[in-house]
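Working notes, beginning with the structure itself.
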Amino acid sequence: MIKMTTFKIKILFIAFCSTLLFVQCVDDDDNGNVIEQETCDDGILNGDEEDIDCGGTACEPCIVGIEFGGTYLQEDMIGRPAINTVFSGSNAVKNDFNITLITDRASFQPIFEATLEAYHDIYAVALGIPIEDLDYETNILGLDAFNFTSLLAFFDTLQVAPNGQTTYFDLNTGVVLTGRTLADDAIDISLMLMFGGKSGTRFDGNNGTPQLTSDGVDSGDRDFTLPFPYLETPISE
């Protein structure tokens, strides 16, 4: 009698556990234990995505590799924006300059030279002298108007000097356009080459001349040996 009771208890226990398992399986089947698709940018592999946030019916296709086939159109190759801004003259020329290969930029040199001389005409009028009496003067690099504007048109992108001095222009060494350091004042250097003449001081604000060789903005007290962003000391009251 005692053994039979023990046997029945075991059967009841097994039946009870099976019921729980069945209920659990039904619950699993109802919910599916599937993480529902919410967005395609949640960083989770869910829904029917093939990979995280891509593929399936809801997301963009997954990119298997970079495809370099097809025909490409060059949109922009500008290197020094100030050159194009200052010398191209019109928006149409600026746009053309941006998308023209350097080897095909011969047509821009006359435009650049005409623009450079036009600036001098404007200052001649401001100084009250005939425009034919104020032309571009060979600059401190020994470049006349043709050669200077040819340099600007053909070499818009900075060159690299891996084994030499890297500078936008160093007055002491004469090295020019071999790169640019953080401390180089590119605007002042460009203005000096445009309006400084042979000495670099032709229109420097002295002796009754207009100040055309500097924008009057220096680097302040920024220390370029420190990490980015090279901020000046905060102004405190």
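The values are calculated or read from the model by the stated rules, or taken from the named source; none is laboratory data. Because the structure is a prediction, the values reported are computed rather than measured. We place every Cβ from the backbone using ideal geometry, glycine too, and count neighbours over all the protein chains shown.
The table that follows gives values for the structure above.
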{"read-out": "Test: residue in the stretch 162-178 that is part of a loop (DSSP other than H, G, I, E, B), under 20 Å from Arg105 (Cβ atoms) and touching a residue at least 24 places away in the same chain (Cβ under 8 Å)", "value": "yes"}
{"read-out": "Every residue from the stretch 142-160 that is touching a residue at least 60 places away in the same chain (Cβ under 8 Å) and surrounded by fewer than 16 Cβ atoms within 10 Å (Cβ to Cβ)", "value": "Thr157, Leu158"}
{"read-out": "Number of the condition not met by Ala126 [criteria: (1) surrounded by 13 or more Cβ atoms within 10 Å (Cβ to Cβ); (2) within 19 Å of Leu212 (Cα to Cα); (3) touching a residue at least 12 places away in the same chain (Cβ under 8 Å)]", "value": "(1)"}
{"read-out": "Flag for Asn139 being touching a residue at least 12 places away in the same chain (Cβ under 8 Å), outside any helix (DSSP H, G or I), of a type in the set (S, T, N, Q) and over 24 Å from Tyr230 (Cβ atoms)", "value": "yes"}
{"read-out": "Thr213 being closer than 20 Å to Asp121 by Cβ, of a type in the set (Val, Ile, Thr) and within 33 Å of the chain's Cα centre (by Cα)", "value": "yes"}
{"read-out": "All positions within the stretch 176-196 that are among the small types (Gly, Ala, Ser) and either surrounded by fewer than 17 Cβ atoms within 10 Å (Cβ to Cβ) or touching an Asp or Glu at 6+ places or on another chain (Cβ under 9 Å) (or both)", "value": "Gly179, Ala183, Ala186, Gly196"}
{"read-out": "Any pair with Cβ under 6 angstrom, 6 or more apart, that starts in the stretch 183-200 at a residue that is farther than 23 Å from Asp221 by Cβ and ends at one that is at pLDDT 90 or above and of a type in the set (Phe, Trp, Tyr)", "value": "Phe195/Phe203"}
{"read-out": "Within the stretch 204-220, tally of residues that are at pLDDT 90 or above, surrounded by 12 or more Cβ atoms within 10 Å (Cβ to Cβ) and out of contact with any strand residue (DSSP E or B) (no Cβ under 7 Å at 6 or more places or on another chain)", "value": "3"}
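Residues checked against (1) farther than 21 Å from Gly196 by Cβ; (2) in a helix (DSSP H, G or I); (3) modelled with pLDDT under 85:
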site: Thr71; (1), (2), (3): yes, no, yes
site: Phe112; (1), (2), (3): no, yes, no
site: Ile122; (1), (2), (3): no, yes, no
site: Asn147; (1), (2), (3): no, yes, no
site: Leu158; (1), (2), (3): no, no, yes
site: Arg180; (1), (2), (3): no, no, yes
